[in-house]
Every structure is written in structure tokens, then in C-alpha cells.
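Visitor: One structure, pasted below without further comment.
The values are calculated or read from the model by the stated rules, or taken from the named source; none is laboratory data. Predicted model, so just to flag it, every value in this text is computed and none were measured. Cβ placement follows ideal geometry from the backbone for every residue including glycine, while neighbour counts extend to all protein chains displayed. Each accessible area value is taken on the protein alone, full model and side chains, heavy atoms only, with ligands, DNA and RNA left out. Shrake-Rupley method; radii C 1.70, N 1.55, O 1.52, S 1.80 Å.
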Amino acid sequence: MNESSPTHEPDTTSSVVVDRLVLSYLDIRRAIGLSGLILPLVLGPGGWLLGIEFQENMSSYYHTPLRDVFVGTLCAIGIFLFCYCGYDRVENWTANIGAVAAIGIALFPLDYNSDPLVQKSVVGYIHSFSGVVFFLVLAFYSLYHFPRDSAREAESHLFERSLVFRSSGLTILATTFAMGAYLVLLPSDWKTWLNEYNFLFWAEWIAVWSFAAAWLAKGRIIVAEIGVEILAYSRRMVMEHGLGIKDSQ
């Protein structure tokens, strides 16, 4: 009696599984970063090319033909954040709060032709509150989670990466406080003057691109990696040739 040789399933090693999970993780980071990078470009210059004037803030594009772009992009960011699993419960909750805030911005629109601080409806106030929470969550990611996670993942050039992340987080905080000061502290004539230059729109653009830069750097996208390498090389040159200190990295 001939015994048939047992059939072996192709081995899926743990390293291959880990590699696939890492790639999926990086893809989510890149998707969040690219969404933030593209959104202001499509709303501002893209809308202008379509005959839509620059709005006072990004949320006002809800009341223009670009509403679907605004809502769709923020819902996508919310879904990506909800799917993003961190290293611990704190990071998971941070991502979930950011996801709820992003979807809140999208689904609860700012009241038409209104001051974000003084809304005409509960829906408008939910939008304003969601916007503040969203920016604070993104700043927390850049200032705390990303520098810590880079060390855990043993990434190269930790000093330069942390510099990028913390610069991003501080920029988000600075622009958020600047927008708050604009809404709360400035007299009406100053606000009217700044509105002529779309102050809130440009401040939001800076904040959104700051968070995009952090997520793209964490997603190890090639342009961000080149930037980190340039920062590392410049720092090494300054330390070795300018200060005479041998860099241990």
C-alpha cells in the first residue's frame, strides 16, 4: 500500500505577517497625511480655478459646490483614524477621538455666513467644537505619540524625526491659539480687516499642512525620508565642522 505524501500548506512566517501589518500601518499614515496635504489645495486654488472665491475658512466650503470634497475628505480622515491602532489604550483613544471630531466637522456644518464663535444653531456649535478637538488631537499626536513611537520602532535619525514631529505639533498649537485669539480677543474692525485677507483660511491651511507633514514623515513617504536625511546630514556637518563635536548617530 502506497502512502501518499502529506500535502503541506505554504508557510506564512511570522516575519511576513509582521511585514504586511507594517505596510498596512504605513499606508494608513500616508493616507491621512496625503488627505491633509491635498484638501487645502483643492478647496483654495482648485476652487478659485472653478470660479469659487476663497472662503473665510475651510468650513465655509460646505456651502459651495466643493461641499462633497470637503465632507468626503474629512470623513475619509475620520475612517482612517478610527482604523489606526496605536501601541496602547491612550493612543487608541486619541485616534478614536480624532476620528469622531473629523466626522463631526464633516457632518455638522458651520452655519452659513457666520462667525465660528457665534453660531446660529446647535449644529454649528458642534462643528466649531469638533474643529478645536480635531486640531488638539493632531497636535498631541505630533508632540507625544509620534516621537515615542519612533523610538519604539527603532527608526533612524530619531533627533531629526522628533524635530519634525514636535515642530509640526507646535505649529498646530500656535495656529489654533492664533485663530482663537482672532475670534475672541480682536475687536470687530480688526476682524473685518483680516477677513479681507481670509485669515482663518490661511491659518487652517498652515495647521492642516503641519499635521500632514507629521503623518507623511511617520508614514516614511520618500519625500519625507529625503527631508529627514537632509536634516541629519546638515546637523552632522554643523556639529563636526562647525562645533568640532563628533556625532554618535
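Visitor: By what distance, in whole Å, do the Cα atoms of region 70-117 stretch along each of the three principal axes, largest value first?
Guide: Principal-axis extents of region 70-117 (Cα, largest first): 42, 22, 9 Å.
Visitor: In nm², what is the average projected area of the convex hull enclosing the Cα atoms of region 69-202?
Guide: With the hull built on Cα positions only, its mean projection is 9.3 nm².
Visitor: Ok, one more. Largest first, how would Lys218, Lys191 line up by accessible area (1.4 Å probe)?
Guide: The ranking, largest first, comes out as Lys191, Lys218.
Visitor: Rounded, prolate or oblate: pick one for region 27-124, where a ≥ b ≥ c are the square roots of the eigenvalues of its C-alpha gyration tensor, a/c under 1.5 means rounded, and failing that, prolate if a/b is larger than b/c, else oblate.
Guide: Working: a/c = 3.04, a/b = 1.48, b/c = 2.05.
Because a/c hits 1.5 or more and a/b fails to exceed b/c, region 27-124 counts as oblate.
Visitor: When only DSSP loop residues count, what chymotrypsin sites (Phe, Trp or Tyr not before Pro) in region 160-238 have their Cβ near at most 13 other Cβ atoms within 10 Å? Let's see the in-between values first.
Guide: On the way: sites: Phe165, Phe177, Tyr182, Trp190, Trp193, Tyr197, Phe199, Phe201, Trp202, Trp205, Trp209, Phe211, Trp215, Tyr233; in loops: Tyr197.
Filter output for region 160-238: Tyr197.
Visitor: Please identify every one of the trypsin sites (Lys or Arg not before Pro) in region 86-167 that sits in a loop by DSSP and has no more than 14 other beta carbons within 10 Å of its own beta carbon.
Guide: Sparse-neighbourhood loop trypsin sites (Lys or Arg not before Pro): Lys120.
Visitor: Right, another one. Quick check for you: which residues of region 149-190 have the amide N under 14 Å from the point 7 Å beyond the Cα of Glu229 toward its beta carbon?
Guide: It comes to 156-157, nothing else.
Visitor: So which chymotrypsin sites (Phe, Trp or Tyr not before Pro) in region 52-149 pass both tests, a DSSP loop state and at most 14 other Cβ atoms within 10 Å of the Cβ?
Guide: The qualifying sites are Tyr87, Tyr112.
Visitor: Then there is this: Return the distance in nm (one decimal) between the two label points of a simple spin-label model at Arg236 and Tyr144, each offset 7 Å from Cα along Cα→Cβ.
Guide: If labels sit at Arg236 and Tyr144, their model points lie 3.4 nm apart.
Visitor: Turning to a different aspect of this structure: With just the Cα atoms defining each centre, how far is region 67-104 from region 195-240? Give it in Å.
Guide: 21
Visitor: Taking N as the number of residues in region 126-240, what is its alpha-carbon radius of gyration divided by 2.2 N^0.38 Å?
Guide: After normalising by residue count via 2.2 N^0.38 Å, the value is 1.26.
Visitor: Return the calculated 222 nm mean residue ellipticity for the chain, to the nearest 500 deg cm²/dmol, obtained by summing -39500 (n - 2.57) across DSSP H runs with n ≥ 4 and dividing by the residue count. Don't skip to the end; give the middle numbers.
Guide: Numbers: 9 runs with 161 residues, N = 249.
The per-residue figure over the chain is -22000 deg cm²/dmol.
Visitor: Rounded to the nearest percent, how much of the accessible area of the chain (1.4 Å probe, protein heavy atoms only) is carbon and sulfur? Don't jump to the answer; show the numbers that get you there.
Guide: Numbers: 9490 of 14060 Å².
Answer for the chain is 68 percent, counting heavy atoms of protein chains only.
Visitor: Provide the per residue accessible area, probe 1.4 Å, for the chain, rounded to a whole number of square angstrom.
Guide: In whole numbers, the chain has 56 Å² accessible per residue.
Visitor: In cubic angstrom, how much convex hull volume per residue do the alpha carbon atoms of the chain span? Numbers along the way, then the final one.
Guide: On the way: hull volume 52.9 nm³, N = 249.
Output value, Cα hull per residue: 213 Å³.
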